[in-house]
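Asker: To start, I am sharing the structure in question, which I have written as C-alpha cells.
The values are calculated or read from the model by the stated rules, or taken from the named source; none is laboratory data. In this text, all values refer to a predicted model and were calculated from it rather than measured experimentally. Here the Cβ positions follow ideal geometry from the backbone for every residue, glycine too, while neighbour counts run over all protein chains shown.
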Amino acid sequence: MKHRLDPLPEVFGSLGIQEAIYKGLEATAPWGVRYSSDIGPRIRCMLVVRGSALLRFKGQRRTISLSGGDLFIFILSDEPFTLVDHPRSAVVDSRKLRKLELDGVIHYGGGGPLTTLVSGSFGMSTFGAPLISRILPRFLHLRLEQNRSHAFQSVLDLWRRKPLSLV
C-alpha cells in the first residue's frame, strides 16, 4: 500500500504560529466588504460556510466566485481585496464593520439571502515567514469538491460545525 505524503502539516507545524484571530461574518444581501492592507503580512484564511461571494483584488479585473465549502488562503499577503454578494453591491471598509461585532460575529447587510463566512489570520515567527513565502503561492483557493487530506478536511468540518457565537 502506497502512503501519500502531505507536506503542508509539516511546513505549518514548523513555523512558530502566533497571534491567531478568528471572526464570523453573517452578511445578508446586498453586502460588500473591502479589506485593506493594514494588518501586515499574515496568513489569512476565509471559509465560506454557506452562501456565496465574489472575491476581487485591487487593480485586477478578474473576479473569483466562492461558494459554500470554499476556502481561500492568503499566504503572507497584505494585498487589499473585496468580497461582495453581487458586482453592483455597495462596499464598506472592514474597519467600519468591526464596530458591529458581537461575540466574535459581525452581522451586516440589507436583509436578503444569507452568506456566512469564517475568517482568521495568524502571524508567525520571523524565521518561518521567509520560508513559507518561498514555498507556497501568494494565495490558495480550495473548492469543496477538491480532494483534501483527512486532517485538513477535519479542520474545515470543525469550522463549519462550530457555532459562530463562539468564534
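Asker: Check 77, 65, 89, 52 and return the single one that is farther than 16 Å from residue 138 by Cα and out of contact with any Gly (no Cβ under 9 Å at 6 or more places or on another chain).
Answerer: Numbers: 77 fails: farther than 16 Å from residue 138 by Cα; 89 fails: out of contact with any Gly (no Cβ under 9 Å at 6 or more places or on another chain); 52 fails: out of contact with any Gly (no Cβ under 9 Å at 6 or more places or on another chain).
Unique residue meeting the criteria: 65.
Asker: Counting only residues that are part of a strand (DSSP E or B) and crowded, with 20+ Cβ neighbours inside 10 Å, which one in region 57-73 is modelled with the highest pLDDT? Give the steps one after another, and end with the answer.
Answerer: Applying the first criterion (part of a strand (DSSP E or B)) to region 57-73 yields 57, 63-67, 71-73.
Restricting the remaining residues to those that are crowded, with 20+ Cβ neighbours inside 10 Å gives 66, 71-72.
Working: 66: 95, 71: 89, 72: 89.
Among those that are part of a strand (DSSP E or B) and crowded, with 20+ Cβ neighbours inside 10 Å, it is 66.
Asker: I would also like to ask the following. Just to be sure I understand the filter: pairs with C-beta atoms under 6 Å, separated by 6 or more residues or on different chains, first member in region 70-83 and within 20 Å of residue 97 (Cα to Cα), second member modelled with pLDDT of 90 or more. Which pairs pass?
Answerer: Correct list of pairs: 82/34; 82/56; 82/91; 83/33; 83/53; 83/55.
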